[in-house]
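All remarks here apply to the structure that follows.
The values are calculated or read from the model by the stated rules, or taken from the named source; none is laboratory data. This structure is a prediction, so every number in the text was calculated from the model and none was measured. In this analysis, Cβ positions are derived from the backbone assuming ideal geometry, glycine residues included, and neighbour counts consider all displayed protein chains. Surface accessibility is based on the protein's heavy atoms, side chains included, excluding ligands, DNA and RNA. Shrake-Rupley method; radii C 1.70, N 1.55, O 1.52, S 1.80 Å.
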Amino acid sequence: MQAIQKKEGISKINRSSKSVEARPKITVNKKTGIYTVYFRIKNPETNLYKMFAYKGGVNREKNLEVRGVKAEKLKEKLTRLLENGLNPFFNSEDFKKITV
């Protein structure tokens, strides 16, 4: 059974007394205007952090304002999924399908 604790926008998921933390962030490449939502999470087996980056179809939009709105929605979606216990190390196929 896994226990989930929420504290200041950070998700902590306890599996076998090992925890992972994640806080998705949005980056924008200033030259190309490409939006990426990323987060770092600790692998519970190796205790090393790994970065995961998602574009989720955000950059298909030509309008940069619309891209920003969609990137924010993707960030909120990833935050919600991480808080609900979805872990990219254990549910990698589910994470590959995330789009806005």
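Within the range 44-90, if we keep just the residues that are in contact with a strand residue (DSSP E or B) (Cβ under 9 Å, 6 or more places away or on another chain) and at positive phi, the residue that is surrounded by the fewest Cβ atoms within 10 Å (Cβ to Cβ) turns out to be Asn47. In the range 25-47, the residues that are in contact (Cβ under 8 Å) with a residue 12 or more places away in the chain and assigned to a loop (DSSP other than H, G, I, E, B) reach residues that are open to solvent by less than 100 Å² (accessible area, probe 1.4 Å) and of a type in the set (Phe, Trp, Tyr) with C-beta atoms within less than 8 angstrom, at least six apart or across chains, in these pairs: Asn43/Phe89; Pro44/Phe89; Glu45/Phe89.
Just give me the residues in the range 48-88 being modelled with pLDDT of 90 or more and assigned to a loop (DSSP other than H, G, I, E, B), in sequence order. Residues satisfying the conditions are Leu48, Lys55, Gly56, Gly57, Glu61, Lys62, Asn63.
In the range 82-98, the residues that are touching a residue at least 24 places away in the same chain (Cβ under 8 Å) form Cβ pairs under 8 Å with partners that are in a loop (DSSP other than H, G, I, E, B) and open to solvent by 80 Å² or more (accessible area, probe 1.4 Å), at six or more places apart or across chains, as follows: Phe89/Glu45.
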